[in-house]
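Working notes, beginning with the structure itself.
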Ligand code: 5CA
């Protein structure tokens, strides 16, 4: 993509309304724009990151055996009256009346709707277990939308819903999502810690929040440092095997948000040099709530002996849009964002230091074509802005690699390659540069 043909409205100044670094950088890097309180448009650069995060989430859900579908954003109030949550949800729910005076709502979550789909389609225990998920926009009329898309009113969520015939099966479904979450966040370059959590309006008595550590996080967290030790992205998980030992291995180590924190236990269980007291961002939340919705809404299947069984359910959320901000909170410096390669909007930023100079243009065009042919996503800054501005923009938008081509380099047959994360620069011949950038 040539910058001259892209849409990247960067801001040189810090926007006054942004209180945390991810919000500031997302506005400055031209990733989002606020349309109303807590409601954002995703500009092209932001959308690219959102899509990459979505892809990782999808791949890991599929790997763990969940099946994708897509439910609508607008739901009928009647379904929520059946579960009893229509009144309970209060002012957080955006209520809408259609032209026939029917009560509708913009879904804040989908337990009722998926239970309705399930009860109308699945009849036999033979069709279980099943775990269905979608990646869809939600609306919650938060009292205090803030920090940009971190706590928005409209946000993108992955929500999965599992159905099992008994509690042991539901626990297996829960465990599969638990491990899939560790892998999902690790693939994005994040260390997420599962912490026992309250269940709020979703309900149930088994629940874990997945928290990434960041100074600006909304919750205060306490954990054993070893919860951060394992690289789950490198693990080869057999989802058909018993995952309980893996889950137990993680949950045995102390980890709690301030809501559930127990100072005496923390001090007893965690040696002083392993204590980690920090702030965190909730990027995922999983729930096992048994028959809360299936009993209220009559979601039953026939068992092996012909008797009806009320199905056991769980639900599993990931804040897909929140993750964009979460990753920036975890990975930035004074000059801008530092994207982990797995979610970067482009792999490489190619900077032409003298657009209009025949030799430099030719060298850039050649390098651009070769990088694209090797399957790399390249943002080629072919504009005639001055060098300082180009460097600042590239650092701000945080692509993992920069390739800098100027008149001196072209004369000497070299390209300067900069690694955004380490700041390390090296001058390489074109072939060596290509080899480095296309591994
Ligand atoms: N139905 C369940 C699980 S599918 C559910 O709704 N869980 S939740 O309320 O915990 O939301 C799931 C995830 O969505 C949270 O972990 C968080 O990462 C994200 N999320 C929740 N509210 C917001 C918000 N206002 N803005 C951005 N992300 C949010």
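The values are calculated or read from the model by the stated rules, or taken from the named source; none is laboratory data. The shown structure was predicted, so the numbers you read here are calculated from the model rather than taken from an experiment. Glycine also receives a Cβ, built like all others from the backbone with ideal geometry; neighbour counts cover every protein chain displayed.
Here are some notes:
- Flag: residue 355 does not match the condition of being in a helix (DSSP H, G or I), farther than 24 Å from residue 147 by Cα and away from the ligand (no atom under 16 Å from the Cβ).
- Some residue of segment 115-130 being within 16 Å of the ligand (Cβ to nearest atom), closer than 23 Å to residue 184 by Cα, touching a residue at least 12 places away in the same chain (Cβ under 8 Å) and not in a loop (DSSP other than H, G, I, E, B): yes
- Hey, residue 54 surrounded by fewer than 22 Cβ atoms within 10 Å (Cβ to Cβ), in contact with a helix residue (DSSP H, G or I) (Cβ under 7 Å, 6 or more places away or on another chain) and in a helix (DSSP H, G or I) or not: yes
- Restricting 171, 187 to residues that are more than 10 Å from the ligand (Cβ to nearest atom), more than 14 Å from residue 282 (Cα to Cα) and in contact with a helix residue (DSSP H, G or I) (Cβ under 6 Å, 6 or more places away or on another chain) narrows the list to 187.
- Taken as a whole, the structure leaves residue 179 outside the set of residues that are touching a helix residue (DSSP H, G or I) at 6+ places or on another chain (Cβ under 8 Å) and assigned to a strand (DSSP E or B).
Residue by residue, here is whether (1) in a strand (DSSP E or B); (2) surrounded by 17 or more Cβ atoms within 10 Å (Cβ to Cβ) holds:
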{"position": "285", "(1), (2)": "yes, yes"}
{"position": "305", "(1), (2)": "no, no"}
{"position": "316", "(1), (2)": "yes, yes"}
{"position": "322", "(1), (2)": "no, yes"}
{"position": "326", "(1), (2)": "no, yes"}
{"position": "345", "(1), (2)": "no, yes"}
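- Just one residue in the set 153, 146, 230 is within 10 Å of the ligand (Cβ to nearest atom) and at pLDDT below 95; that residue is 146.
- Comparison of 108, 145 shows that the only residue that is under 26 Å from the mean Cα position of the chain (by Cα) and under 14 Å from residue 77 (Cβ atoms) is 108.
- Matching option when the condition is within 21 Å of residue 63 (Cβ to Cβ) and surrounded by 14 or more Cβ atoms within 10 Å (Cβ to Cβ), among 224, 208: 208
- Flag if residue 140 is within 9 Å of the ligand (Cβ to nearest atom) and farther than 24 Å from residue 60 by Cβ: yes
- Some residue of segment 276-286 being within 16 Å of the ligand (Cβ to nearest atom), farther than 17 Å from residue 220 by Cα and at pLDDT 95 or above: yes
- Meets criteria (farther than 29 Å from residue 93 by Cα and within 14 Å of the ligand (Cβ to nearest atom)) for residue 180: yes
- Verdict on residue 163 being within 11 Å of the ligand (Cβ to nearest atom) and either surrounded by fewer than 19 Cβ atoms within 10 Å (Cβ to Cβ) or more than 24 Å from residue 255 (Cα to Cα) (or both): no
- Qualifying position, being touching a strand residue (DSSP E or B) at 6+ places or on another chain (Cβ under 6 Å) and part of a loop (DSSP other than H, G, I, E, B), among 379, 399: 399
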